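K.L.:
Supplied in structure tokens, the structure appears directly below.
The values are calculated or read from the model by the stated rules, or taken from the named source; none is laboratory data. Worth saying up front: this structure is predicted, and the values here are computed from it rather than measured. Cβ atoms come from the backbone with ideal geometry, glycine included; neighbour counts cover every protein chain shown. These area figures cover heavy atoms from the full protein model, side chains too; ligands, DNA and RNA do not enter into them. Shrake-Rupley method; radii C 1.70, N 1.55, O 1.52, S 1.80 Å.
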Amino acid sequence: MAKRHVRLPEEAEAVVSAFIDEVDHRLSSTENTNDVVREVLVDLNGDRAAYDAWRNGDAVSPTEQLRLRAYDPRNVTLESDYHAQKDEEMFRESKPLVWLWQGFDATPLADHVELALRFRQMLAKHLFEECGDDCRFFKGIRFGYGHNLSVGDNVVVHDNVLLDDRGKLTIGDGCSITDGTHVYSHDHDLVDQGDVSHYHTTIEDDVRLTYDVVVTAGCKIGENAMIGSRAIVTKDVPAHHVAVGTPARSVKVKPGYEDVAEPIDAPAESGAEDRLIERNVDLGGEEAFDEFRRDR
């Protein structure tokens with residue numbers, strides 16, 4: 001086996017458990033989520049004394065006030081704030097949790113692996129549409145909303161992975177997503193970059209995405225498939241296949257699955273159009289704009 005069990009000293013374990021349990025309890029309560037996130041980030045960054053002094057009326061510099069205000073998710077903007085095609089009510093609920101995930105990752109404690117994996121697993125239960133048990137989420141994982149992301153049991157997501165859930169993203173049980181991988185659920189029109197389409201991208205059970213893979217929006221990767229390093233998946237990959245290259249193509253079937261897998265020479269299919277998600281724009285009375293400032 002490739003892994004071994006590691007245990008913290010008893011007192012350190014007690015503190016880790018108490019911290020995670022307290023945050024979990026507060027996020028499950030009727031307490032305002034923004035307030036919970038603000039307080040947790042203040043303490044994680046060791047800023048309690050400065051924060052309380054500022055709140056009590058002490059004068060602080062604009063730079064320090066900027067830092068102290070930014071612990072509150074209501075005082076910051078994320079890239080997803082600017083997306084017009086989203087469920088604004090759901091995003092109001094998920095945004096503070098996304099800010100907590102990113103804020104935790106910006107602290108030295110994000111490299112305390114035992115704490116960090118358990119903290120993110122707990123947070124994912126509150127943030128994602130669904131999150132199974134015994135998942136391992138490493139440092140630097142990014143997503144747009146969180147609430148359009150479903151993850152099964154025993155999933156491992158390594159460092160610096162993008163899980164784009166602007167559309168909908170489903171990851172099955174037992175998947176491994178390795179460092180630097182980007183999985184997309186939205187795409188831009190070839191002519192009009194501002195015309196965004198959303199899709200349901202699916203990674204089925206026991207899939208392995210190796211280093212720096214790109215999965216484009218609307219693709220489905222079948223059960224137990226493997227995608228080689230730096231491959232770009234533009235069409236569906238059948239179950240039990242190994243796909244490599246740019247664009248990715250199947251080159252073999254995993255040993256032992258020859259009788260149940262589709263043949264290698266079967267035509268590659270793209271089911272993305274069947275997984276298109278229609279999404280209305282709700283700007284709440286505000287005016288939409290073209291970020292590229294074009295008049296055509």
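K.L.:
Can you tell me which condition LYS220 does not meet? The list is (1) free of Cβ contacts under 8 Å to residues at least 40 places away in the same chain; (2) open to solvent by 60 Å² or more (accessible area, probe 1.4 Å); (3) within 30 Å of LYS139 (Cβ to Cβ); (4) not aromatic (Phe, Trp, Tyr), and all the others hold.
P.N.:
Looking at each condition in turn, LYS220 falls short on (1).
K.L.:
Another question, if that's okay. For the subset of region 186-215 comprising residues that are surrounded by fewer than 21 Cβ atoms within 10 Å (Cβ to Cβ) and of a type in the set (Ser, Thr, Tyr), which member is farthest from the chain's Cα centre (by Cα)?
P.N.:
Among those residues, the one meeting the criterion is SER197.
K.L.:
For THR107, are the conditions met, namely being farther than 22 Å from GLY167 by Cβ and of a type in the set (Val, Ile, Thr)?
P.N.:
Against the criterion (farther than 22 Å from GLY167 by Cβ and of a type in the set (Val, Ile, Thr)), THR107 qualifies.
K.L.:
Which numbered condition trips up SER176, out of (1) touching a residue at least 24 places away in the same chain (Cβ under 8 Å); (2) in contact with an Asp or Glu (Cβ under 8 Å, 6 or more places away or on another chain); (3) at negative phi?
P.N.:
Just one mismatch for SER176, condition (2).
K.L.:
Let me ask something else. Can you confirm whether ASP87 is surrounded by 16 or more Cβ atoms within 10 Å (Cβ to Cβ), over 18 Å from PHE19 (Cβ atoms) and not hydrophobic (A, V, I, L, M, F, W, C)?
P.N.:
Taking the combined requirement at face value, the residue does not satisfy it.
K.L.:
Still on this structure, please answer the following. Give all pairs with beta carbons closer than 6 Å in which a residue from region 237-262 that is aliphatic (A, V, I, L, M) meets a residue that is at pLDDT below 95; count only pairs at least 6 apart in sequence or on separate chains.
P.N.:
Going by the 6 Å Cβ cut-off, the qualifying pairs are VAL253/ALA261.
K.L.:
Please state which of the following conditions VAL191 fails to meet, knowing it meets all the rest: (1) modelled with pLDDT of 95 or more; (2) more than 25 Å from ASP159 (Cα to Cα).
P.N.:
Looking at each condition in turn, VAL191 falls short on (1).
K.L.:
Also, I was wondering about something else. Within region 204-219, does at least one residue satisfy the condition of being more than 21 Å from SER150 (Cα to Cα) and modelled with pLDDT under 95?
P.N.:
No, that holds for no residue.
K.L.:
Let me ask something else about it. Given the residues VAL183, VAL113, VAL98, VAL157, which is the only one that is open to solvent by 10 Å² or more (accessible area, probe 1.4 Å) and β-branched (Val, Ile, Thr)?
P.N.:
VAL113
K.L.:
Suppose we keep only residues that are touching a strand residue (DSSP E or B) at 6+ places or on another chain (Cβ under 7 Å) and acidic (Asp, Glu) within region 160-175. Which one would you say is surrounded by the most Cβ atoms within 10 Å (Cβ to Cβ)?
P.N.:
By that ranking, first place goes to ASP165.
K.L.:
While we're on this one: Report whether or not ARG74 is modelled with pLDDT of 95 or more, surrounded by fewer than 17 Cβ atoms within 10 Å (Cβ to Cβ), assigned to a helix (DSSP H, G or I) and touching a Pro at 6+ places or on another chain (Cβ under 9 Å).
P.N.:
yes
K.L.:
Just wondering, is there one or more residues in region 235-243 that are at pLDDT 90 or above, over 28 Å from HIS83 (Cβ atoms), open to solvent by 40 Å² or more (accessible area, probe 1.4 Å) and part of a strand (DSSP E or B)?
P.N.:
So far as region 235-243 goes, no, none of its residues is at pLDDT 90 or above, over 28 Å from HIS83 (Cβ atoms), open to solvent by 40 Å² or more (accessible area, probe 1.4 Å) and part of a strand (DSSP E or B).
K.L.:
Sticking with this one: Could you give every pair whose Cβ atoms fall below 6 Å, whose first residue belongs to region 119-143 and is open to solvent by less than 60 Å² (accessible area, probe 1.4 Å), and whose second residue is at pLDDT 95 or above and of a type in the set (Lys, Arg), counting only separations of at least 6 or pairs across chains?
P.N.:
CYS131/LYS125; PHE137/ARG120
K.L.:
When you look at ALA261, is it in contact with an Asp or Glu (Cβ under 9 Å, 6 or more places away or on another chain), over 20 Å from HIS186 (Cβ atoms) and either open to solvent by less than 40 Å² (accessible area, probe 1.4 Å) or at pLDDT below 95 (or both), yes or no?
P.N.:
no
K.L.:
Might you let me know whether region 9-30 holds any residue that is in contact with a helix residue (DSSP H, G or I) (Cβ under 9 Å, 6 or more places away or on another chain), aromatic (Phe, Trp, Tyr) and not in a loop (DSSP other than H, G, I, E, B)?
P.N.:
Yes; the residues of region 9-30 include at least one that is in contact with a helix residue (DSSP H, G or I) (Cβ under 9 Å, 6 or more places away or on another chain), aromatic (Phe, Trp, Tyr) and not in a loop (DSSP other than H, G, I, E, B).
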